[in-house]
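Rule-based calculations on the coordinates, nothing more; no lab input. Remember, it's a predicted structure, so these values are computed and weren't measured experimentally. No Cβ is skipped: glycine too gets one built from the backbone with ideal geometry, and neighbour counts run over all protein chains shown.
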Amino acid sequence: MKLAEYGEANMELALRGLDLKVLDPYLSGWRLRVVPTLGHLPVELDRPRTQPLNGQEHHCRPGPRHGTGRP
């Protein structure tokens, strides 16, 4: 599936919660900029985003703070 097809199929979900005054600019930007530039790219939907890439759990921890030398 191409990004343009995916966007059109899910546009209602993408627009949910936006103010009415921004819908026209948002949709114009989609049609005039995103679709012509990126609409041909394939969207990969094989694996849910919640699945880890390597089959193991991934725990997020903040990295070391810059400048302190401590985590």
Fill in the blank from the handout: From fewest to most C-beta neighbours within 10 Å, the residues K2, K21 line up as K21, K2
Exercise for the section: Treat the count of other C-beta atoms within 10 Å as a stand-in for reagent exposure and order L45, L27 from fewest to most. Expected result: L45, L27
